[in-house]
Amino acid sequence: MQLLVAILPVLLGIVLGEDGSQGWLRYAPAAKGCKSQQVPSAIVALNSTKISPVYTAGKELQRGLRSILGKAVDLTTGGRSNSSAIVVGTVDAYNTAYGSVSGVEDLEDDGYLLSTHDGSVVILGRNQRGALYGAFEYLSQVARNNVTSGSSYISNPQVPIRWTNEWDNMDGSVERGYGGASNFFRGGYVVDNTTRAAEYARLLASVGINGVIINNVNANATLLSDRNVEGLGRLADAMRPYGVQLGISLNFASPNATLGTFDPLDPKVDAWWANITNQIYKKVPDMAGYLVKANSEGQPGPLTYNRTLADGANMFARAVEPHGGVVMFRAFVYDNHISYANWTSDRANAQLEFFQPLDGKFDENVIVQIKYGPIDFQVREPASPLFAALHNTSTAIELQVTPEYLGQNCHFVYLAPLWKEILDFDLRADNKSSMVKDIVSGQRFKRPLGGYAGVPGAGTNTTWLGSHMAMSNLYAYGRLAWDASLGSEDILEDWTRLTFGSDQIVLDTINDISMKSWPAYENYSGNLGVQTLTDILYTHFGPNPASQDNNGWGQWLRAGNVTIGMDRTIENGTGNAGNYPPEIAEMYNDIDKTPDNLLLWFHHVPYTQRLKSSNETVIQHFYNAHYAGAASAQTFVQQWESLKGKIDHERFEHQLFRQTYQAGHSLVWRDSITQYFYNLSMIDDESDRVGNHPYRIEAESMKLDGYKSYLVNPFHAASGFTAIVTTSNTTAGTATTEVPFDSGMYDVAVNYYDLFNGTSSYKLEIGNRTVGVWKGDNEKKLGHEPSRYLDGHTATRITFRGIAVQKGDTVRITGQPDGIEPAPLDYISFLPPGIVD
Ligand code: GCU
């Protein structure tokens, strides 16, 4: 009966709704034709302790096989294994139970041996965690119907540190998180219910993640209160069965409240940290270690006392060393008040300036954690030169899984190709092969430690990250941290099979959307290495390039009327190109050798500079790329729609909403950036598209009743620079006109603004027929960072497809304001088939 219940939906061809909470561990019932003879008849987990990772592996195997194959398999913790059993355990436990096993000499910590022969499966780890990883891998193969009988292989991780950095705040919010509230904190304290933490650890363990820093790098000293330290113990207990070790971020000034100082060379401060560390290890005996953001973006640090960053890092290193812990010390240190007037100042130089002189001065259990590029998770950056500059210091790469600058999971961007470009980049230190992945693995400079820190931004949303598709990024992060030689598409295919099934159309479509997603986003956000042209002073979401220049933050474009780009050359500029090893420095320093996609990162050029690859001018490339990128985002909607009925309704609709939103917002990006640079440069678009919108009716040109014109800021976030808002915040307004276009079928798009804190209602009527009603409630559905203004963050679009329209029909939009949202409208487009505008 159980079997029937499990496979009934498959037999009936029903695709049941899913909420995403199981991520890629759904264990969907196998399709007909699966090789059921491979199903083992028993599971032997060689550890009877219920909270051990090996026992967890046994339970997980049982759960997975029941769900995928509809087969209830007994789980025991010892005894003889029969010929069709799965045995999972450590090598030592196996040797004790069954005598010496061979072929495990190369097995390293956390690695596994997976051996499948005629229905008998042996999964062994050097440690318990490795055995659990092997079990997850076996289940992944079963779920993908990809078990190869007669095979035996070992998989070892390339690095010991494969962590996530959760940026969860004690008040329950998640910095740069778009998937709801914190899984770990509420109201200043660790949550009472740790179920979600355990579920998260399960997901992470399935892709080899072995540590979770549970709180924001902008850390709060109250984490170290007695009540919270006790809470840390509970969280660690919840995650330990999955082999995931807990770690925490520290506020450098924590001792200040009791000691009146946080000088790292003051013995009192040292003793304070040793003491609190000992207290924490009493509750969390296997704590992974500390993560420290110091002297960055207002955070306290050792520089206050004229001590070096190494002095600061080593203080924590001394505290955790007796317990076997490590310190991840962030290289994201820079001055956010540098002088824009000074042509040679450059935030991108800060990491090297601070850290290179300290090479070799860090304790052995310190790892310097370096963001992939020199600035801050932009849509494209060169690899940070710091990776090549520290030869006597262990390093880790920091990757942002939560796309703070790449659409905040309201746009979909598959990030593995971006990460791969960095990991595979050869920095040529000492003129030798020095790929970033080989540096952070410790291999290149023969360092004992190294690793990966990923920032997922997970929250309490059932989708974890706010979007089902975004989970491919978390999956890919874990897989690459284990083995950076894997290909982005191979990883994606595994994820898709596990997440949405193995229908070829589903696989092909998701592959196509995903692999086009980063190029599309780069095209409509920021090109040629100029960075994501977002609002860096506010929400980092929508377009606002002017916000990047003329301030001390150093994310500069240096965009003027005639020229654009950062001059990072050695002779004339900031010298940043010279931070790289000679072969790379020579390339980046020379405009003729710098790849076009980093042209504006390294060089300041006229808008009329021609690109090597296409012979387009820089400005024409901006125009072309923005049109191409937005056009690509439109196709994702149709591609996703082609999956209707092939994946469950719930996830289909959820993602369709996001793809539709992205398609609309990509047009906002396109128009905004092209208009901005047209206004700056006054150079026409050769194709005459910019500012030329023959299918639009501007709202401000309609007959307004209860509405008034409103100049939008930034100006380029409105078509014609102007929108309309209701004159009162309680009474509805109308905007009316007549259809000036020929009679026919149109897609009718309305661009409006959806502000945080207000749910306006809208009605569109054409020829006295109601074409659509909708609410400005994106803030309840999307999860990007809120804005309370009419701007590039709130500008959005709704489209009504296939509307029969007569020339001269009355068009009326009625807007009912709500809260701070005055039912703002920008324009209506009547789009003939095939036109996007
Ligand atoms: C970015 C991000 C901040 C974060 C910081 C960091 O600047 O916007 O929210 O705190 O990076 O990585 O420390």
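The values are calculated or read from the model by the stated rules, or taken from the named source; none is laboratory data. Owing to the predicted nature of the structure, the values given are computational and were not obtained by experimental measurement. Cβ placement follows ideal geometry from the backbone for every residue including glycine, while neighbour counts extend to all protein chains displayed.
Of the residues making up the stretch 793-837, those that are within 36 Å of the chain's Cα centre (by Cα), under 19 Å from Arg689 (Cβ atoms) and not in a strand (DSSP E or B) number 5. Find the residue count for the stretch 533-543, including only residues that are within 15 Å of the ligand (Cβ to nearest atom) and either among the polar types (S, T, N, Q) or not in a loop (DSSP other than H, G, I, E, B) (or both). Qualifying residue count, the stretch 533-543: 2.
Of all residues in the stretch 269-289, those being of a type in the set (A, V, I, L, M, F, W, C), in contact with a helix residue (DSSP H, G or I) (Cβ under 9 Å, 6 or more places away or on another chain) and in a helix (DSSP H, G or I) number 6. Checking the structure you have, find out if any residue of the stretch 545-554 is in contact with a Ser or Thr (Cβ under 7 Å, 6 or more places away or on another chain) and assigned to a loop (DSSP other than H, G, I, E, B). No; the residues of the stretch 545-554 include none that is in contact with a Ser or Thr (Cβ under 7 Å, 6 or more places away or on another chain) and assigned to a loop (DSSP other than H, G, I, E, B).
Residues in the stretch 169-184 that are under 8 Å from Gly457 (Cα atoms) and either more than 12 Å from the ligand (Cβ to nearest atom) or buried (at least 19 other Cβ atoms within 10 Å of the Cβ) (or both): 4 in all.
Filtered by the rule that a residue be over 30 Å from Arg129 (Cβ atoms) and among the small types (Gly, Ala, Ser), the stretch 240-274 gives Ala253, Ser254, Ala257, Gly260, Ala271. No other residue among Pro264, Pro285 is assigned by the TED database to the domain that holds Ala331 and either within 16 Å of the ligand (Cβ to nearest atom) or farther than 30 Å from Thr56 by Cβ (or both) apart from Pro264. For the stretch 151-167, state whether one or more residues are within 16 Å of the ligand (Cβ to nearest atom), outside any strand (DSSP E or B) and either of a type in the set (Val, Ile, Thr) or under 30 Å from Glu404 (Cα atoms) (or both). Yes; the residues of the stretch 151-167 include at least one that is within 16 Å of the ligand (Cβ to nearest atom), outside any strand (DSSP E or B) and either of a type in the set (Val, Ile, Thr) or under 30 Å from Glu404 (Cα atoms) (or both). Check whether at least one residue in the stretch 202-213 is of a type outside the set (Gly, Ala, Ser), more than 18 Å from the chain's Cα centre (by Cα) and not assigned by the TED database to the domain that holds Leu65, and report yes or no. Yes - at least one qualifying residue is present in the stretch 202-213.
Please verify whether the stretch 185-203 includes one or more residues that are farther than 30 Å from Ser52 by Cβ and buried (at least 18 other Cβ atoms within 10 Å of the Cβ). Checked against the condition, which is being farther than 30 Å from Ser52 by Cβ and buried (at least 18 other Cβ atoms within 10 Å of the Cβ), the stretch 185-203 yields no hits at all.
Inspect all residues belonging to the stretch 299-307 and state whether any of them is away from the ligand (no atom under 16 Å from the Cβ), touching a helix residue (DSSP H, G or I) at 6+ places or on another chain (Cβ under 7 Å) and among the basic types (Lys, Arg). No - not one qualifying residue is present in the stretch 299-307. What number of residues within the stretch 452-473 are of a type in the set (Gly, Ala, Ser) and on the phi > 0 side of the Ramachandran plot? Looking only at that region, the number is 2. Looking at the stretch 386-501, the helices (runs of 4 or more DSSP H) lying wholly inside it that each contain 1 or more residues that are touching a Gly at 6+ places or on another chain (Cβ under 6 Å) and of a type outside the set (Asp, Glu) sit at 436-440, 471-482.
Screening the candidates His391, His411 for the property of being under 22 Å from Ala633 (Cβ atoms), assigned by the TED database to the domain that holds Val326, away from the ligand (no atom under 16 Å from the Cβ) and not β-branched (Val, Ile, Thr) yields one hit, His411.
Residues in the stretch 192-214: is at least one within 16 Å of the ligand (Cβ to nearest atom) and not hydrophobic (A, V, I, L, M, F, W, C)? For the stretch 192-214, residues within 16 Å of the ligand (Cβ to nearest atom) and not hydrophobic (A, V, I, L, M, F, W, C): absent. Out of curiosity, is Phe332 of a type outside the set (Asp, Glu), within 16 Å of the ligand (Cβ to nearest atom) and in contact (Cβ under 8 Å) with a residue 60 or more places away in the chain? The answer is yes for Phe332. Each residue in the stretch 340-378 was checked for being within 13 Å of the ligand (Cβ to nearest atom) and part of a strand (DSSP E or B), and 3 of them qualify.
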